[in-house]
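Visitor: Submitted below is the structure of interest, expressed as structure tokens.
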Amino acid sequence: MTKGSDLLVAALENEGVDRIFGVPGEENLDVVESLRTSKIELVLTRHEQAAAFMAATHGRLTGRPGVCIATLGPGALNFSTGAAYAHLGAMPMILITGQKAIMSAKQARFQIVDVVASMKPLTKMTRQIVSGASIPAVVRDAFRVAMEERPGPVHLELPEDIAGEEVADVPLIPVHPLEHPVADPRAIARAAEMILAAKRPLVMIGAAGNRPRLVEPLSDFVRRVKLPFFNTQMGKGAVTGGSNLYLGTAALSEGDYVHQAVERADLIIAIGHDTVEKPPFLMKSAGGPKVIHVGYQSATVEQVYHPDAEVIGDIGATVAALAERLGGRLEADPVMLELRQKILAHLNDRSEEDRFPITPQRIVHDVRAVMPEDGMVCLDNGMYKIWFARNYRTHVANTLLLDNALATMGAGLPSAMMAAMLHPKRRVMAVCGDGGFMMNSQEMETAVRLGLNLVVVVLNDSAYGMIRWKQAVDGFQDYGMSFGNPDFVAYAKAYGAKGSRVGSAAELVPTLEAAFKGGGVHLVEVPIDYSENTRVLVEELRNKTPDIELA
């Protein structure tokens, strides 16, 4: 005989789980006791939302679901944003919540919320475990569903009486690899014919192109096919190494310099594009480039995205097959390559300006200077995300983590903590606005307690800067977006971390270098000047003229 909670933990160990993140409650105590004597580490966070962000980032970076735990009611509901973050961002994760006993009701309806119903629109699957004997099958199915394409979150509710129930020993279910279906050869042949017939084909790599398992096949595809390419925000960094074919990132939907390449193209090969992202370009009903959708699943047809052809199946196998058919048969449009130089030159404009408070361009430039090629930058959500997406060059896959799906504030610090736990020998930096940082700043204590090496950059403009900028661009009065901040250096030190404040543009690089070399958790406060948002992202783009006549 064994307890239901012991069976749950054994099933998690069977799946290779080594950490669970969360804030347990009374209804989880059997599970906590089972974890105490297991090989799985319980990583206690200060808020359930942060635990969910960490579990989701584990799934994003490894391809294996991260696991988080919370109690019933309020604890479970605090998982909601993290569940949506993983659901829209296609990150595999398992959320485990407790519940009152279902065979009795000694506390009536105290704290009881229908969590299974609340999680239904936010997850791929949600279910209550009603029998201890079913736990191995339920856990195996949960991991299968979380990992299969399109990956995402799965929620399991474990009532306390099922967790404490004595059940006969039930065998665990062996784990087997998930093999993805391969695209129809006829679809691959049609796509190859369209690409060979095009005069100016262009490759776009989207969010699904950033799965960890696709790094090598996609990088090989770019090297062999030799077509110019750009990426969406969440597709950024899918290809390893520098490339003279890279045109940039579509951080805006239209009108940016990279969109001159989109306008010139007569065919776009969209690899792994997921329409949960803010559109990287807007398809036209007529007159624009044709689009081939290469994905694990059929394209979601939208007003701004309605492909002309689709190749559905394992993306790695598909791009390998296309490379076999296309390798050595294509030449990049020389005008497109000339355009590339002009696009990248625009992105480097004023990147070394000494203005203080510091401009976004200078911040991106200096962060790139202190980060090695495998260094990981994890962004929260704010105006700076657009600047990093446009201007930050990546050389190793999955080294710039941003969220362009749910685009929630508060995820930057927890995602960086997860990256630091998975890659303790790399430099890891969280870049947060003052608004987003304060939404989960309590996790500084967690980072210090875990002994992480992590630099946290807080960009201070004492406002919800992105919305304030949009308010101004749309002609509204400046109202309701400004706030006061704590002394961030003292705040960091109160948690046992280190803190520094940058007083000039020239101090940024040496301050960041010192923070990394000193080790531990180090917060660096950087005053930021967002006046460049209007100059560059509105006035410059509105007034620009095409650098090259489009044929």
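The values are calculated or read from the model by the stated rules, or taken from the named source; none is laboratory data. Note that the structure is predicted; figures quoted are calculated from it, not measured. Virtual Cβ from ideal backbone geometry, glycine too; neighbours counted across all protein chains shown.
Visitor: Scan the stretch 57-78 and report the pairs whose first residue is on the phi > 0 side of the Ramachandran plot and whose second residue is of a type outside the set (A, V, I, L, M) and part of a helix (DSSP H, G or I), with Cβ atoms within less than 8 Å and a gap of 6+ or a chain change.
Guide: Taking only residues 6 or more apart or on different chains, the pairs are GLY63/PRO212; GLY63/ARG213.
Visitor: Among residues belonging to the stretch 288-304 that are of a type in the set (Val, Ile, Thr) and at pLDDT below 95, point out the one that is nearest to the chain's Cα centre (by Cα).
Guide: THR300
Visitor: List the helices (runs of 4 or more DSSP H) inside the stretch 95-185, counting only whole elements, that have at least 3 residues being among the charged types (D, E, K, R) and assigned by TED's automatic domain parsing to the domain that holds GLY59.
Guide: Per the criteria, 135-147.
Visitor: Moving on. Given the criteria in a helix (DSSP H, G or I), touching a Leu at 6+ places or on another chain (Cβ under 8 Å) and either at pLDDT 95 or above or among the small types (Gly, Ala, Ser) (or both), does ALA447 qualify?
Guide: Details: in a helix (DSSP H, G or I): yes; touching a Leu at 6+ places or on another chain (Cβ under 8 Å): yes; either at pLDDT 95 or above or among the small types (Gly, Ala, Ser) (or both): yes.
For ALA447, the condition - in a helix (DSSP H, G or I), touching a Leu at 6+ places or on another chain (Cβ under 8 Å) and either at pLDDT 95 or above or among the small types (Gly, Ala, Ser) (or both) - is met.
Visitor: So which residues in the stretch 240-278 are farther than 18 Å from LEU347 by Cα and within 16 Å of the chain's Cα centre (by Cα)? Can you show your working first?
Guide: Of the stretch 240-278, the ones farther than 18 Å from LEU347 by Cα are 240-241, 263-278.
The answer is GLY272, HIS273, ASP274, THR275, VAL276, GLU277, LYS278.
Visitor: Next question. Can you tell me which residue within the stretch 106-129, out of those that are exposed (fewer than 14 other Cβ atoms within 10 Å of the Cβ) and hydrophobic (A, V, I, L, M, F, W, C), is farthest from the chain's Cα centre (by Cα)?
Guide: Residue satisfying both the conditions and the ranking: ALA108.
Visitor: Against the condition touching a Ser or Thr at 6+ places or on another chain (Cβ under 7 Å), over 27 Å from ALA84 (Cα atoms) and of a type in the set (Gly, Ala, Ser), how does SER482 come out, does it pass?
Guide: On the way: touching a Ser or Thr at 6+ places or on another chain (Cβ under 7 Å): yes; over 27 Å from ALA84 (Cα atoms): yes; of a type in the set (Gly, Ala, Ser): yes.
Yes, satisfied.
Visitor: For the stretch 217-256, enumerate the residues that are surrounded by fewer than 24 Cβ atoms within 10 Å (Cβ to Cβ), in contact with a helix residue (DSSP H, G or I) (Cβ under 9 Å, 6 or more places away or on another chain) and within 19 Å of GLY375 (Cα to Cα).
Guide: Once the filter is applied, which keeps residues that are surrounded by fewer than 24 Cβ atoms within 10 Å (Cβ to Cβ), in contact with a helix residue (DSSP H, G or I) (Cβ under 9 Å, 6 or more places away or on another chain) and within 19 Å of GLY375 (Cα to Cα), the stretch 217-256 yields THR240, GLY241, SER243.
Visitor: Continuing with the same structure: Which residue, of SER219, SER243, is more than 26 Å from ALA90 (Cα to Cα) and either assigned to a helix (DSSP H, G or I) or in the same structural domain as ARG190 (by TED's automatic domain parsing) (or both)? If you could, list the steps in order and put the result at the bottom.
Guide: Numbers: SER219 fails: more than 26 Å from ALA90 (Cα to Cα).
Being more than 26 Å from ALA90 (Cα to Cα) and either assigned to a helix (DSSP H, G or I) or in the same structural domain as ARG190 (by TED's automatic domain parsing) (or both) holds for just one of SER219, SER243, which is SER243.
Visitor: Is there a residue in the stretch 391-407 that is over 11 Å from the mean Cα position of the chain (by Cα), in the same structural domain as PHE437 (by TED's automatic domain parsing) and assigned to a helix (DSSP H, G or I)?
Guide: So far as the stretch 391-407 goes, yes, one or more of its residues are over 11 Å from the mean Cα position of the chain (by Cα), in the same structural domain as PHE437 (by TED's automatic domain parsing) and assigned to a helix (DSSP H, G or I).
Visitor: While we're here: Quick one: which of LEU282, LEU252, LEU267 is within 20 Å of LEU402 (Cα to Cα) and not assigned by TED's automatic domain parsing to the domain that holds ASN404? Let's see the steps before the verdict.
Guide: Details: LEU282 fails: within 20 Å of LEU402 (Cα to Cα); LEU267 fails: within 20 Å of LEU402 (Cα to Cα).
When all the criteria are applied, what remains is LEU252.
Visitor: Continuing with the same structure: Select, from GLY382, GLY412, the only residue that is buried (at least 23 other Cβ atoms within 10 Å of the Cβ), over 17 Å from SER243 (Cβ atoms), free of Cβ contacts under 8 Å to residues at least 60 places away in the same chain and in contact with a helix residue (DSSP H, G or I) (Cβ under 9 Å, 6 or more places away or on another chain).
Guide: Going through GLY382, GLY412 in turn, the sole match is GLY412.
Visitor: Among the residues of the stretch 453-472, which ones are surrounded by fewer than 20 Cβ atoms within 10 Å (Cβ to Cβ) and more than 19 Å from ILE528 (Cα to Cα)?
Guide: ASN453
Visitor: Quick check on the stretch 477-494. Is at least one of its residues farther than 30 Å from TYR257 by Cβ and buried (at least 20 other Cβ atoms within 10 Å of the Cβ)? So that I can check it myself, show each step before the final result.
Guide: Within the stretch 477-494, the subset farther than 30 Å from TYR257 by Cβ is 477, 479-480, 482-494.
Filter once more, keeping what is buried (at least 20 other Cβ atoms within 10 Å of the Cβ): 488, 492.
Checking the stretch 477-494: at least one residue is farther than 30 Å from TYR257 by Cβ and buried (at least 20 other Cβ atoms within 10 Å of the Cβ).
Visitor: Checking VAL473 against (1) of a type in the set (Val, Ile, Thr); (2) more than 25 Å from VAL367 (Cα to Cα); (3) under 26 Å from the mean Cα position of the chain (by Cα), which test does it fail?
Guide: Result: VAL473 fails condition (3) only.
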